[in-house]
1. For region 27-36, does any single residue satisfy the condition of being basic (K, R), out of contact with any helix residue (DSSP H, G or I) (no Cβ under 8 Å at 6 or more places or on another chain), farther than 23 Å from T185 by Cβ and at pLDDT below 95?
2. For region 1-50, name all the residues that are among the basic types (K, R) and within 16 Å of ligand 1 (Cβ to nearest atom).
3. For region 220-236, enumerate the residues that are of a type in the set (A, V, I, L, M, F, W, C) and either without any contact (Cβ under 8 Å) to a residue 12 or more places away in the chain or over 15 Å from N248 (Cβ atoms) (or both).
4. Would you check if there is a residue in region 40-56 being more than 16 Å from ligand 2 (Cβ to nearest atom), assigned by TED's automatic domain parsing to the domain that holds A241, touching a strand residue (DSSP E or B) at 6+ places or on another chain (Cβ under 8 Å) and at pLDDT below 95?
5. Is at least one residue of region 87-97 assigned to a loop (DSSP other than H, G, I, E, B) and either on the phi < 0 side of the Ramachandran plot or of a type outside the set (G, A, S) (or both)?
6. Tell me yes or no: at least one residue of region 59-71 is buried (at least 23 other Cβ atoms within 10 Å of the Cβ), of a type in the set (A, V, I, L, M), at pLDDT 95 or above and more than 9 Å from ligand 1 (Cβ to nearest atom).
7. When only residues in region 294-325 that are closer than 21 Å to A241 by Cβ and charged (D, E, K, R) count, which is surrounded by the most Cβ atoms within 10 Å (Cβ to Cβ)?
8. Can you say whether M231 is assigned by TED's automatic domain parsing to the domain that holds L178, out of contact with any Leu (no Cβ under 7 Å at 6 or more places or on another chain) and either buried (at least 23 other Cβ atoms within 10 Å of the Cβ) or not in a loop (DSSP other than H, G, I, E, B) (or both), as far as the supplied structure shows?
Amino acid sequence: MENNLLLKVEELNVEYLLTDYKVDAVKNVSFYVRKGECVALVGESGSGKSTVAMAIMGLLPPYAKISAKEILFDGKDILKADEKFMSEIRGRDVTVIFQDPISYLNPIISVGEQISEALKAHNPKISDKEAQAQAIELLKKVRIADPERVLKMYPFQLSGGMAQRVFIAMAISANPKLLIADEPTTALDLTIQAQILKLLNNLRKEYNLSIILITHDLSLTSYLADRIYVMYNGQIVEEDAAEGIFTNPVHPYTKMLITSSQAIYQGEVKKLKDKIASLTEKEENSKVGQRCNFLGKCKNSAQECEKEPPLIEYDGLKKVRCWKL
Ligand SMILES: Nc1ncnc2c1ncn2[C@@H]1O[C@H](COP(=O)(O)OP(=O)(O)OP(=O)(O)O)[C@@H](O)[C@H]1O
Ligand SMILES: [Mg+2]
């Protein structure tokens, strides 16, 4: 394993086995994250992003069937690890923040006690006083003004942005190596979104933290991501350095995402959302077989697209899943 590598996922497949059918949620996905690097998984709803995250955390439901060549975290194959090892890794080496932090905070316990509990979970010997002092430090780290007062507050008293900051404070309390941020700013307005992303970037630098940023909104990744994996319908369809995705998108789906991001700046969000919503509906009704996933929506499709394209190297660093390059 390359010295600087923290996570390497090779040929991950996840199926949800439901009573009368199965969902191929993740298909042959390979990616890696270096130490201190931010990698983004970008794609529309249902493309399999959260399933990838849950697979890494070992948190898939029992009816999910997972297979992979390997999932190496910090040199250890977590696919072969037992539950005890996984529960040690979770919350210590790998932590996750979600879109909706308030629902993950306990409503009847003060912010201070919740952070103290998180601290004690990994360091049972620390005293209440010490935990309180560390909690204050953590709140300062996530740029919360007046931390002593916030410690006494309850989750319902926090704004969305504050709640996310508290959640991030808990997530970094054990000094993790990897933070998975699954749509961390989706519920927040634009200014707060930018603040939270900036905070994540500062923490990354300060702790040499690796981040997997999961989002359906490509424009958000421009703040933070070093490399981007574009997912569509369970597959990676394009991967490249962030710069390469933004300046030289090759896969038609990536191009569509770029166009929609530009439209966000042009204030044409609604038109685009409607367009994307209508596309999604068509996709759900169509059968996905051995042909290209994107066939049916693609303007460049041709005969060969009846066969599924492999993810092939293109122009140096980039990889693209498309026959028509
Ligand atoms: N617990 C589950 N049981 C059954 N199917 C699931 C489950 N979780 C996800 N799926 C299905 O797996 C596919 C991938 O879903 P996933 O939640 O990973 O996508 P996502 O990219 O995170 O979407 P979103 O942007 O909406 O969060 C979808 O078809 C979804 O319906
Ligand atoms: Mg998701």
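1. No - not one qualifying residue is present in region 27-36.
2. Across region 1-50, the qualifying residues are K22, K27, K49.
3. Those that are of a type in the set (A, V, I, L, M, F, W, C) and either without any contact (Cβ under 8 Å) to a residue 12 or more places away in the chain or over 15 Å from N248 (Cβ atoms) (or both): L220, L224, A225, M231, I236.
4. No, region 40-56 has no match at all.
5. Yes, region 87-97 contains a residue that is assigned to a loop (DSSP other than H, G, I, E, B) and either on the phi < 0 side of the Ramachandran plot or of a type outside the set (G, A, S) (or both).
6. No, region 59-71 contains no residue that is buried (at least 23 other Cβ atoms within 10 Å of the Cβ), of a type in the set (A, V, I, L, M), at pLDDT 95 or above and more than 9 Å from ligand 1 (Cβ to nearest atom).
7. The selected residue is R321.
8. No: the conditions fail for M231.
The values are calculated or read from the model by the stated rules, or taken from the named source; none is laboratory data. Computed from a predicted structure; not experimentally measured. Methodologically, a virtual Cβ is constructed for each residue, glycine included, from the backbone with ideal geometry; neighbour enumeration extends over all protein chains shown.
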